[in-house]
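Asks: Quick one: structure below, then a few questions.
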Amino acid sequence: MGVKLSREEEAMIRGDRGEATKIAMDVLMRLATSFGAEEFVPVSSVQCMAHYGSLHDAGLEWLEKLSALGGKCCVPATQDPASIPFANWEQMGFDKDYAEKQRRLAQAVHELGEVLTWSCTPYAVGQVPRFGQNIAWAESSAVSYANSVFGARTNRTPAGMAICAAITGRIPRERLYLDENRVATIKITIDAGPLSDLDYNTIGIMLGKYAGTRIPAFTGIPNTATSDNLKYLGAAAASSGSVALYHIIGVTPEAFGRDPFCGHKPAEEVTWTRKDITAAEQALTTKNAGEVELVVVGCPHYSISEIMKLAKLVAGKKIRKGKEFWLYTPFETENLAKRMGLIEILEEAGVTILASNCLVISPFPRSYKTLMTESGKFASYLPSEHHIELVYGSIEDCVKAVMA
Ligand code: F3S
């Protein structure tokens, strides 16, 4: 059976809405056919990617072509972080030609009509989907958050496909857009006593490794878990595995007052104790890690609550000689923190703010051997991405490692 099209979708394929829309719809049509989708769903928001570090010249040409053909986003389309911090890339030592390519990408997505959030936490800067809403988001941590915490519906949309969804307002209806594919199949019990902020990152790493692409339902995670805790859990699980949706019984919306297994028996059940979590935590520090030279936080981007907590921790302290502390956050959160006097406290202590940027998709602008982070996702990617040793620990320990 082929893909059933609405009148509007047929018009887009004919080219009635211009060449860029026709190309975008053609791409989606081919993908829908290969996925075996029977129809498209309208999406109410898209999260796009335009980081030069992953798109390279081919992605730049693709976005500039769509822009030159007059392509325009027809739904709000937010933007993932860039491969440079726009405000201080020169001070940080980024290469000029590389920065120019990222600037051209920024120009192309601006002309395409995107919302220039440059953040992996679109939900923290005004793009909040509602329960059951179909969206097409790209960044894996944001996808996990949207599906699991909001109960919105999205697959992990590849970058090239996301811009097509933004221009057409459509995505093939398959996998997580279908009720039957959102049912939990494995049950994980957390039996570890009170959970720290770091534990949520570690549980996320354990989840990705254990579940792969399967959908888990947790018990034993309290409904006092904060939105930042769930942000880290999902981000880590999406990096150590490909988990795009998790349920927490009594906490997340598709497991709140309803059975996430939809009456079926879980295919597998497992219990993780304090001993398991501690072992997973210790395994994230790499074998040859030496003295910490750099701390990196903000993966996913730091929220205002986290900046408030960090400001308290570093107030009155100073970074030690030869050490650095980098913090990744959206521009809007940085502005809010400035108005609250928090950036002044952080900068006084020696924290460098890298708004709009992400270390995983950027060249590493310094030659450090060992860095430290509290983020499970950073811990999962940075050692291999940047051939660096890593110490994994709480934010309190990160501060102690480089400040006095
Ligand atoms: Fe965000 Fe980059 Fe981490 S996009 S989730 S800071 S890997």
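Any read-out appearing in this document is the output of simple, stated calculations on the displayed coordinates, not a laboratory observation. These figures come from a predicted structure and were not determined experimentally. Cβ placement follows ideal geometry from the backbone for every residue including glycine, while neighbour counts extend to all protein chains displayed.
Asks: For the pairs Lys101/Lys317; Lys318/Lys338; Lys231/Lys309; Lys275/Lys309, flag any whose C-alpha to C-alpha distance is greater than 26 Å.
Replies: Flagged as over cut-off: Lys101/Lys317; Lys275/Lys309.
Asks: Shifting gears a bit: Applying the Karplus parametrisation 6.51 cos²θ - 1.76 cosθ + 1.60 with θ = phi - 60° to the phi angles of segment 163-168, what ³J(HN,Hα) value in whole Hz is obtained for each residue in order, glycine and proline being reported as x?
Replies: Once θ is set to phi - 60°, the couplings for segment 163-168 become 5, 5, 5, 5, 6, 9 Hz.
Asks: What ratio of Cα Rg to 2.2 N^0.38 Å holds for segment 110-204?
Replies: 1.26
Asks: Ok, one more. Treat every Asp and Glu Cβ in the chain as -1 and every Lys and Arg Cβ as +1, leave all other atoms uncharged, and give the resulting dipole magnitude about the Cα centre to the nearest 20 debye.
Replies: Around 260 debye, computed over the chain.
Asks: Under the rule of -39500 (n - 2.57) per DSSP H run of 4 or more residues, summed and divided by the residues of the chain, what mean residue ellipticity at 222 nm is obtained, to the nearest 500 deg cm²/dmol?
Replies: -12000 deg cm²/dmol, from helical runs alone.
Asks: Now for a separate question. List the lysines whose Cα lies under 20 Å from the Cα of Lys369, skipping any in the same chain that are fewer than 8 positions away.
Replies: List returned: Lys287, Lys321, Lys323, Lys377, Lys400.
Asks: Okay, next question. Hey, what did segment 258-404 get for relative contact order, percent, Cα under 8 Å, at least 6 apart?
Replies: 33
Asks: Further question on the same structure: What's the exposure ranking of Val27, Val296, going from fewest to most Cβ atoms within 10 Å?
Replies: Least crowded to most crowded, the residues run Val27, Val296.
Asks: I would also like to ask the following. Dipole of segment 289-402, Cα-centred, from +1 at each Lys and Arg C-beta and -1 at each Asp and Glu C-beta, to the nearest 20 debye?
Replies: Dipole magnitude for segment 289-402 comes out near 240 debye.
Asks: Okay, next question. At q = 0.18 Å⁻¹, work out log10 I(q)/I(0) for segment 236-359 with the Debye formula, treating every Cα as an identical point scatterer and leaving solvent out; two decimals please.
Replies: -1.08
Asks: Taking amide H atoms as placed 1.01 Å from N in the peptide plane, list the residues 5 or more away in sequence, or in a different chain, whose amide H sits under 5 Å from that of Phe325.
Replies: Under 5 Å from the amide H of Phe325 lie the amide H atoms of Val295, Thr352, each far enough along the sequence or on another chain.
Asks: Kindly list the residues of segment 319-344 that lie in the label zone of Ala404, defined by a backbone N under 16 Å from the point 7 Å along the Cα-to-C-beta vector.
Replies: Of the residues in segment 319-344, 319-324 have backbone N under 16 Å from the label point off Ala404.
Asks: Another question about this same structure. Specify the residue with the greatest mean-square fluctuation among Ser34, Ser239, Ser119, computed from a Gaussian network of the chain linking alpha-carbon atoms under 10 Å apart.
Replies: Checking each option, the largest mean-square fluctuation is seen for Ser34.
Asks: Through the Karplus equation 6.51 cos²θ - 1.76 cosθ + 1.60, θ set to phi - 60°, convert the phi angles of segment 260-266 into ³J(HN,Hα) values in whole Hz; use x for Gly and Pro.
Replies: After applying 6.51 cos²θ - 1.76 cosθ + 1.60, I find x, 8, 6, x, 8, 7, x Hz.
Asks: Would you list, by chain and number, the aspartates and glutamates whose Cα falls below 17 Å from the Cα of Lys65, excluding same-chain residues fewer than 8 positions away?
Replies: Cross-link targets: Glu19, Asp26, Asp57, Glu111, Glu114.
Asks: Let me ask you something else. For His110 paired with Gln133, estimate the spin-label separation in nm (one decimal), with each label point 7 Å from Cα along the Cα-to-Cβ line.
Replies: Placing both labels 7 Å beyond Cα along the Cβ direction yields 2.7 nm.
Asks: Another one. Please check: in the Gaussian network model of the chain (C-alpha springs, under 10 Å), which one of Thr329, Thr273, Thr121 has the largest mean-square fluctuation.
Replies: Thr273
Asks: Identify which of Ala142, Ala165, Ala315 has the largest mean-square fluctuation in a Gaussian network model of the chain, with springs joining Cα atoms closer than 10 Å.
Replies: It is Ala315.
Asks: Considering amide H positions built from the backbone, and no H for Pro or chain starts, which residues 5 or more places from Val41, or on another chain, come under 5 Å of its amide H?
Replies: Amide H to amide H, under 5 Å and 5 or more residues apart or across chains, Val41 pairs with Ile171, Arg173.
Asks: Next question, about the same structure. Give me the Å³ per residue figure for the convex hull around the C-alpha atoms of the chain.
Replies: Roughly 138 Å³ of hull volume per residue.
Asks: Turning to a different aspect of this structure: Return the long-range amide H neighbours of Gly220 (sequence gap of 5 or more, or a different chain), with a cut-off of under 5 Å between placed amide H atoms.
Replies: Under 5 Å from the amide H of Gly220: Ile190.
Asks: With 10 angstrom as the radius, rank Ile353, Ile167 by how many other C-beta atoms surround their C-beta, starting from the fewest.
Replies: Ile353, Ile167
Asks: Treat the count of other C-beta atoms within 10 Å as a stand-in for reagent exposure and order Ser45, Ser67 from fewest to most.
Replies: Ser67, Ser45
Asks: I would also like to ask the following. Please get the size of the charge dipole for segment 183-283, origin at its Cα centre, with Cβ charges of +1 on Lys and Arg and -1 on Asp and Glu, quoted in debye to the nearest 20.
Replies: Here the size comes out at about 180 debye.
Asks: Can you tell me the Rg and Dmax of segment 183-283, counting just the alpha carbons, in angstroms?
Replies: Over segment 183-283's Cα set, Rg and Dmax evaluate to 12.3, 37 Å.
Asks: Can I get the semi-axes of segment 7-179's equivalent ellipsoid? Compute them from the C-alpha gyration tensor as square roots of 5 times the eigenvalues, in angstrom, largest first.
Replies: Largest first, segment 7-179 gives 27, 20, 12 Å.
Asks: Shape verdict for segment 312-380, please, from the Cα gyration tensor: rounded (a/c under 1.5), prolate (a/b greater than b/c) or oblate.
Replies: Oblate, since a/c reaches 1.5 and b/c is not below a/b.
Asks: Relative contact order (percent) for the chain, with alpha-carbon contacts under 8 angstrom and 6 or more residues of separation?
Replies: Rounded, it is 18 percent for the chain.
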